[in-house]
Amino acid sequence: MFLQIKKIPKLSWSSKSSTNFKPSLKTLFYLCLGLTFFGFGEGLLIVSGIGASPWNVLHQGIAINLGLSIGTIAFLVSFLVLLLWFFLDQKVGIGTVINFIIIAIMIDLTIYYVDKPDEYFFQFLMIVAGILLVGFGTAMYLITNLGAGPRDGLMTGLQKKTNAPIALVRASIEIIVVLIGWFLGGIAGIGTLLYAFGIGPAVALFLYFFQKTNVDYR
């Protein structure tokens, strides 16, 4: 059952080391493709107008209280999350660096080129599509084993420490983050709640999917 998956699978396009700074073109392709889907999904959540992701709710809440831009807060939060990696035995890889670049570009491109739907039904469908795309992209780039982004590294690090299912760990992080952001004044909507409860199962689903449709090389 995909909800019980606890490990990132090692597949034919996974790097043998997360600190590999000279990956194969195939591995690098899946890394960039996964991050592209991830950023596109995050952009759709913002464009929908009915709820951004929990982390962006947190960024907004902190920004309101400190008087800084959301972008500045997002950078600072990413840095702080990376500091937590020290306690979780996580390693920074090339994927950690590329994560910042591709996702930021894709979010901006999506916001620029995709219009907000007028009808609530299509806004809701955009939220569902965004969650599935983020889950798909997250699973794909994590499997490359080139280093997780700050927030996904937090998820995988906590999973290793607790041995809890990935779906439960991811959902718990998202729920805690959105509650803190909302308490600080961030704006959450129905899309935020759907993301908080849906992203964990979505990531687990696509990890399971890739594991079943690709060949392990262990």
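Please tell me if L58 is closer than 19 Å to G157 by Cβ, buried (at least 21 other Cβ atoms within 10 Å of the Cβ) and of a type in the set (A, V, I, L, M). Considered against the rule, which asks whether it is closer than 19 Å to G157 by Cβ, buried (at least 21 other Cβ atoms within 10 Å of the Cβ) and of a type in the set (A, V, I, L, M), L58 comes out as yes. If the condition is being surrounded by 15 or more Cβ atoms within 10 Å (Cβ to Cβ), among the polar types (S, T, N, Q) and within 24 Å of F183 (Cα to Cα), then segment 65-110 contributes only S78. Residue pairs whose Cβ atoms lie under 7 Å apart, sitting 6 or more positions apart in sequence or on different chains, and linking a residue in segment 111-126 that is over 7 Å from V47 (Cβ atoms) and surrounded by fewer than 15 Cβ atoms within 10 Å (Cβ to Cβ) to a partner that is of a type outside the set (A, V, I, L, M) and at pLDDT below 95, do not occur here. For the criterion of being over 19 Å from G61 (Cβ atoms) and either of a type outside the set (S, T, Y) or assigned to a loop (DSSP other than H, G, I, E, B) (or both), L154 fails. Residues of segment 131-151 that are within 14 Å of K7 (Cα to Cα) and not in a helix (DSSP H, G or I): T144, N145, A148. Just checking, how many residues over segment 157-166 are assigned to a helix (DSSP H, G or I), surrounded by fewer than 23 Cβ atoms within 10 Å (Cβ to Cβ) and not polar (S, T, N, Q)? Number satisfying all stated conditions: 4. Could you figure out which of (1) crowded, with 21+ Cβ neighbours inside 10 Å; (2) part of a helix (DSSP H, G or I) isn't true of L179? It is condition (1) that L179 fails. With the condition kept exactly as written, say whether any residue in segment 108-130 is touching a Gly at 6+ places or on another chain (Cβ under 7 Å) and under 30 Å from S17 (Cβ atoms). No.
Is it the case, given these coordinates, that R170 is assigned to a helix (DSSP H, G or I), surrounded by 16 or more Cβ atoms within 10 Å (Cβ to Cβ) and without any contact (Cβ under 8 Å) to a residue 40 or more places away in the chain? So R170 fits the description; yes.
The values are calculated or read from the model by the stated rules, or taken from the named source; none is laboratory data. Source: prediction; values computed, not measured. We place every Cβ from the backbone using ideal geometry, glycine too, and count neighbours over all the protein chains shown.
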